[in-house]
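Peer 1: Pasting a structure below so you can have a look.
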Amino acid sequence: MRRLPEADFAHIINLGLPQDLERIEATRYDPQLAELGEGAEPFERPVLERLTRRPYREVAFRRNVRAAYGYRCAMSGLMLRNGGGRPEVQAAHIRPVESQGSDSVRNGLALSGTLHWMFDRGLISVADDCETILVSHNKVPGDVVGRLLAPDGKLVRPEDPRNAPHPENLRWHRENVFGRSLHEGAMPWSD
């Protein structure tokens, strides 16, 4: 270590810190100045090109599963359409692609967005009779069940019985997803 002459030290500081640093810091987070400085001109976003590796998903899976159930949610029985007339039902993999689940219609259920979310998180599943809807009652409040699921607690079956969920896929979901513990702490609906 060597001692710097005061002039050299001052020169280094002046190069690294602007002379008007106090003014810059005082106005940095002032919302009035920020509003005045930003216009409404279009923003050109940079385009990134990247190569990814992920399991291939058959694009027809979504169309085939939804059509198999007549665009009706398999757990609520509801057939909802948005303002443009498109069905608001999703195709859920019973055994996820990440766990070597296939894109066969027999590995899918047509579910509303909320029930799809609950199914993927193991809050609901289907019993070994392939029709009774199972609910993780220690994680799902009773009034939620009454509002979201079909009153008889049974799965709506596909129009063609050959498209019914495969019992092995349902078993896999029960054993590997249903009832698994969520993160410690708050329940998913208490946020």
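Peer 1: Tyr71 versus Asn176, label points 7 Å from Cα toward the beta carbon: distance in nm?
Peer 2: Label-label distance for Tyr71 and Asn176, simple model: 3.2 nm.
Peer 1: Given a 1.4 Å probe, how much area per residue of the chain is accessible, in Å²? Don't skip to the answer; put the middle values down first.
Peer 2: Working: 13890 Å² over 191 residues.
Value returned for the chain: 73 Å² of accessible area per residue.
Peer 1: Continuing with the same structure: As a check on your grasp of the helix formula, calculate [θ] at 222 nm for the chain: sum -39500 (n - 2.57) over DSSP H runs of n ≥ 4, divide by the residue count, round to the nearest 500. It would help to have the intermediate numbers written out before the result.
Peer 2: Numbers: 7 runs with 59 residues, N = 191.
Result for the chain, helices only: -8500 deg cm²/dmol.
Peer 1: Roughly how many debye, to the nearest 20, is the charge dipole of the stretch 84-150 about its Cα centre, given +1 on each Lys and Arg Cβ, -1 on each Asp and Glu Cβ, and no other charges?
Peer 2: Details: 6 positive and 8 negative charges, 32 e Å.
So the magnitude is around 160 debye.
Peer 1: Measuring from label point to label point, each 7 Å out along Cα→Cβ, what is the Ile24 to Glu41 span in nm?
Peer 2: So the label points at Ile24 and Glu41 sit 2.2 nm apart.
Peer 1: Here's a follow-up. Taking only Cα atoms, what is the 0 to 90° angle, nearest 10, from helix 6-16's long axis to the longest principal axis of the chain?
Peer 2: So the helix axis and the longest Cα principal axis differ by about 30 degrees.
Peer 1: Within the chain, what whole-number % of the accessible surface is contributed by carbon and sulfur, with the 1.4 Å probe and all protein chains included in the calculation?
Peer 2: Summing carbon and sulfur atoms, their accessible area is 52 percent of the total for the chain.
Peer 1: What FRET efficiency comes out for Thr132 versus Thr52 if R0 is 35 angstrom and r is the Cβ-Cβ distance? Round to the nearest 0.05.
Peer 2: After rounding to 0.05, the efficiency reads 0.35.
Peer 1: Please compute the length gained on full extension between Arg121 and Glu168, using 0.36 nm multiplied by the number of residues separating them and subtracting their Cα-Cα distance.
Peer 2: Details: separation 47, 0.36 × 47 = 16.92 nm, distance 1.88 nm.
Extending this stretch completely gives an extra 15.0 nm.
Peer 1: With +1 on each Lys and Arg Cβ and -1 on each Asp and Glu Cβ, and nothing else charged, work out how big the dipole of the chain is about its Cα centre, in Debye to the nearest 20. Intermediate results must be reported in sequence, preceding the final value.
Peer 2: Working: 26 positive and 27 negative charges, 219 e Å.
With only Lys, Arg, Asp and Glu charged at Cβ, the dipole is about 1060 debye.
Peer 1: Right, another one. Shape verdict for the stretch 82-178, please, from the Cα gyration tensor: rounded (a/c under 1.5), prolate (a/b greater than b/c) or oblate.
Peer 2: It comes out rounded by the Cα gyration axes.
Peer 1: Moving on to the next point. Per 5 Å bin from zero, what fraction in whole % of the C-alpha pairs of the chain is there, up to the bin with the longest pair?
Peer 2: That works out to 1, 7, 11, 14, 12, 9, 7, 5, 5, 6, 5, 5, 5, 4, 3, 2, 1, 0, in percent per bin.
The values are calculated or read from the model by the stated rules, or taken from the named source; none is laboratory data. Just so you know, these numbers come straight off a predicted model, no measurement behind them. Using ideal geometry, Cβ is built from the backbone for each residue, glycine included, and neighbour counts are taken over all protein chains shown. Calculation scope for accessible area: heavy atoms of the full protein, side chains included, ligands and nucleic acids excluded. Shrake-Rupley method; radii C 1.70, N 1.55, O 1.52, S 1.80 Å.
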